[in-house]
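The values are calculated or read from the model by the stated rules, or taken from the named source; none is laboratory data. Note that the coordinates shown come from a computational prediction; the quantities given were computed from them, not determined experimentally. With ideal geometry, Cβ positions are generated from the backbone for all residues, glycine too; neighbour counts draw on all protein chains shown. All accessible areas refer to the heavy atoms of the entire protein, side chains included, with ligands and DNA or RNA removed. Shrake-Rupley method; radii C 1.70, N 1.55, O 1.52, S 1.80 Å.
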Amino acid sequence: GIKIRLKCRPSVFNFGFKHRASQKWMATKAISLLAAFVWHVHAAPNSRMCIKNSGGSCYVSDCYKWREATGGVACDAGRCFCNDTSCSGVDGGCYTKDRKYTVVGASNTSNETTWYTFTNARWPEVVLRTASLSTNSALYATKSIDDESRFSLVMPPLGQYGDEPSFLMYSKKWPDGVVLIQKQVIDGSIIYSPSCAYIVNGVGASLPLPDMMMSLVVAPEPTADKTPLVMLKSYPYQAYIYVAQTSTAITALPAYESDPGAGGYWMVHPPLPANIMKGLPLFKGKRCSTSCGEVSKSLSMVSVSSSLVGVVIAAILAILPSMRA
């Protein structure tokens, strides 16, 4: 029979390290990573109120000790995840669950969710809306006010990054779907794509917390009655969701790297709590100079409230015939 001899020389598997101890450490690390992938070792899954991926990498070294802020961290398949009793903070540290994720608008005695709608300042007849996550993860602007156009805001622990609020923006229709902006390089050009991604499985589940988050930035122009407007910005990127002049109900919303003009300003309803609004940063970038549009003079908190009341009345009238029957 044919005999095959395999001989593995240390110099072949040394990852560029000449010191034998370094070779051994790297070989051990490589084997552990391979075992993680082969055996499908996974950290505890995400939940709405606890994201596990801290954003750290442990392919070539252990997770940094500073990530153990008040909780524990573990290396899993080359990434640093918070352990079963910890959740990731905005700064990439792992925090025990006494440093809770907080629901914006909830009272101190309950975790009841407040659902927010985002009305466009240039075209106040449309609101931000998700699509069907099973077939389409894009965001749209439509006239429909329903569960697809209602969102909750959850604030993770800020850690060492100060007190500027940043949010996980969850869809009411898709409870495990979070609004985010993905960065892609296509044919040498950077493209920012707003979308809604699942945090439990799929693309969203593999992302670190910062990549899932949105920032709310105070827009450079308020409404005619001086009500502040906000811009929907990616937390890690200078990219803002906006409604373009050519947008339709079937056109996915884009994101722009600077001030997109009035189409990128939004009125939040109900109003954000005063302490949250006070902590939002002001837009300080380059102002829009082309095809900027104007904040609609008809936009005000009163008009937005009236439109929502109209939707409720229409829904009630629609079910009255069946109630009479």
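Determine, from the Cβ-Cβ distance of ALA274 and MET49 and an R0 of 25 Å, the FRET efficiency 1/(1 + (r/R0)^6), rounded to the nearest 0.05.
It comes out at approximately 0.60.
Run the 1.4 Å probe and let me know the accessible area of SER137, rounded to the nearest 10 Å².
Roughly 50 Å² of SER137 is accessible to a 1.4 Å probe.
For segment 260-272, just list the computed ³J(HN,Hα) in residue order, Karplus coefficients 6.51, -1.76 and 1.60, θ = phi - 60°, integers in Hz, with x standing in for Gly and Pro.
x, x, 4, x, x, 9, 9, 9, 9, 9, x, x, 5
May I ask you to evaluate 6.51 cos²θ - 1.76 cosθ + 1.60, the Karplus curve with θ = phi - 60°, for each residue of segment 84-98 and list the ³J(HN,Hα) values in order in whole Hz, giving x for glycine and proline?
4, 9, 10, 9, 6, x, 4, 7, x, x, 9, 10, 5, 6, 6
Which of the listed residues, ILE190, SER166, SER137, is farthest toward the dipole's positive end in segment 121-190, when Lys, Arg count +1 and Asp, Glu count -1 at the beta-carbon?
In segment 121-190, that residue is SER137.
Taking amide hydrogens as modeled 1.01 Å from N in the peptide plane, which residues meet the under 5 Å criterion relative to ALA239, leaving out close sequence neighbours?
Sorted by chain and number, the residues that satisfy this are SER234.
In square angstrom, what is the accessible area per residue of segment 194-274 with a 1.4 angstrom probe?
For segment 194-274, the solvent-accessible area averages 36 Å² per residue.
Tell me, what % of the accessible area of segment 49-114 is carbon and sulfur with a 1.4 angstrom probe?
Carbon and sulfur atoms account for 49 percent of the accessible area of segment 49-114.
Out of the total accessible area of segment 177-290 (probe 1.4 Å, heavy atoms of protein only), what percent is carbon and sulfur?
Ligands and nucleic acids excluded, carbon and sulfur reach 55 percent.
Skip the ligands, DNA and RNA, and give the accessible area per residue of segment 43-186 with a 1.4 Å probe, whole Å².
Averaged over the residues of segment 43-186, the accessible area is 43 Å².
Starting from 0.36 nm per residue, how many nanometres of slack lie between ASP84 and ALA252 once their C-alpha separation is accounted for?
56.8 nm
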